[in-house]
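Below is one structure, written out as C-alpha cells; the observations come after it.
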Amino acid sequence: MNIMQIVAIGLTAAILALIVRQQRPDIAMMISLAAGTILFLMILGNLKSVVTVVNQLSRKASLDTIYLSTVLKVIGISYIAEFGAQICRDAGESAIASKIELGGKVLIMMLAVPILSALLETILKALP
C-alpha cells in the first residue's frame, strides 16, 4: 500500500459521495463511512509495523515497557478518537464529535497519571 492508493480511494469516495449526495444524502454518508473505514484498516497494517520496530528499539535501549506501552496507548487513543470525531463531523454531528474528543482526552489523562506519579516521586527523591 502506498500513498497513491490511499489518495485514489479517498478521492474516488469523495467524488462519488458528492455526486450521490444531491439525490440521496444517506447513501453519501454511508459511502463516506465505508471509505473512512477502508482507509483506516489499510493504515493499521503500517501502524502495526511501526509498533513492532518501536518495541524492538525499546528492548535494545533497555527502556521500561510500562512507559512505552502507555505512550503507544495514548497514540492509539488519539488516532481512534480523531477518526471517530471526523466521522461524526462528516455526518453533521459536531456536538457528538466534541464529546468523542473530550472522552479521548480524559482517557489520555487517566493513562498519564502513573507516569506523572513516577516523575513526582523521582523529583522528590532527588530533593534533600
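The values are calculated or read from the model by the stated rules, or taken from the named source; none is laboratory data. Values in this document were obtained by computation on a predicted structure and should not be read as measured data. We place every Cβ from the backbone using ideal geometry, glycine too, and count neighbours over all the protein chains shown. Note: areas computed on protein heavy atoms with side chains; ligands, DNA, RNA excluded. Shrake-Rupley method; radii C 1.70, N 1.55, O 1.52, S 1.80 Å.
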Open item on the list: Taking R0 as 25 Å, what FRET efficiency do you get between N2 and I96 from their Cβ-Cβ distance, rounded to the nearest 0.05?
Closed with: 0.15
Open item on the list: At R0 = 25 Å, how high is the FRET efficiency between T37 and S69 if r is their beta carbon distance? Nearest 0.05 is fine.
Closed with: 0.45
TODO: Report the relative contact order of the chain, percent, no decimals, based on alpha-carbon pairs under 8 angstrom and at least 6 residues apart.
DONE: 17 percent
TODO: Excluding residues fewer than 8 places away in the same chain, name every one of the lysines whose C-alpha is closer than 28 Å to that of K105.
DONE: K48, K73
- [ ] Mind running the shape call on the stretch 41-106? Use the C-alpha gyration tensor, a ≥ b ≥ c as the square roots of the eigenvalues: rounded below 1.5 for a/c, prolate if a/b tops b/c, oblate otherwise.
- [x] oblate
Task: Low-density loop positions, trypsin sites (Lys or Arg not before Pro), the stretch 1-105 - DSSP coil, at most 14 other Cβ in 10 Å - done: none
Open item on the list: With a 1.4 Å probe and all protein chains left in place, how much accessible area per residue does the chain have, in Å²?
Closed with: 74 Å²
TODO: Would you list the membrane-span-like helices of the chain, meaning whole DSSP H runs whose alpha-carbon atoms span at least 20 Å along their axis and whose mean Kyte-Doolittle value is at least 1.6?
DONE: 3-21
- [ ] With a Förster radius of 41 Å, plug the Cβ-Cβ distance of L120 and R59 into 1/(1 + (r/R0)^6) and report the FRET value to the nearest 0.05.
- [x] 0.90
- [ ] Measure off, as a whole percent, the carbon and sulfur share of the 1.4 Å-probe accessible area of the chain, all protein chains present.
- [x] 72 percent
Open item on the list: At 7 Å along Cα-to-Cβ for each site, give me the label-to-label distance between E82 and I19 in nm.
Closed with: 3.1 nm
Task: Distance between modelled label sites at M110 and L47, nm, 7 Å Cα→Cβ extension - done: 1.8 nm
